[in-house]
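Derivation of every value follows stated rules applied to the coordinates shown; laboratory data play no part. Keep in mind the model is a prediction, meaning the values are calculated, not measured. Using ideal geometry, Cβ is built from the backbone for each residue, glycine included, and neighbour counts are taken over all protein chains shown.
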Amino acid sequence: MSFLNPSKADTRRRRLIGGVAALAITGVVMFAFLIENQSGYLPPDNIIIYAESWKGDRSREDAVKERELTVAAREAKLAEARAYIATLSGEKKIAAQKQYDDYVNGGGARKEIPYISASEPPMM
């Protein structure tokens, strides 16, 4: 019945094996977290797209007018940005023009200008 009263060498060996096993398991779990963090395991966030709801009795003329108002608002906002860029000089002007070009080429001007209703006056 030596397992009831183990020798000091047995006790030391069992504690060493237990300690090494605990450190190894902890290391494996931490390594798995690091790998998961680097690889981006989680799927990307969903993109939410909002759509405008129109009345069922909207005519083609109303739709065309609303589209024209929206385009006019977009052009006015872009013209305002170009006018501000024209007031700058040097590096600030170059940086602002690059930011403006990236915004327009990236489609930001089409996405961020709100829909303008023909029944409501545009807010400018």
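Cross-link partners for Lys77 among the aspartates and glutamates, with Cα-Cα distance under 13 Å and sequence neighbours closer than 8 places in the same chain left out: Glu112. Distance between the modelled labels on Ala83 and Asp57, one decimal in nanometres: 4.0 nm (7 Å Cα→Cβ projection). Here the scattering of the stretch 1-106 is modelled by Debye summation over its C-alpha atoms, one equal scatterer each and no solvent; at q = 0.10, 0.12, 0.15, 0.21 Å⁻¹ the log10 of I(q)/I(0) is -0.69, -0.82, -0.94, -1.12.
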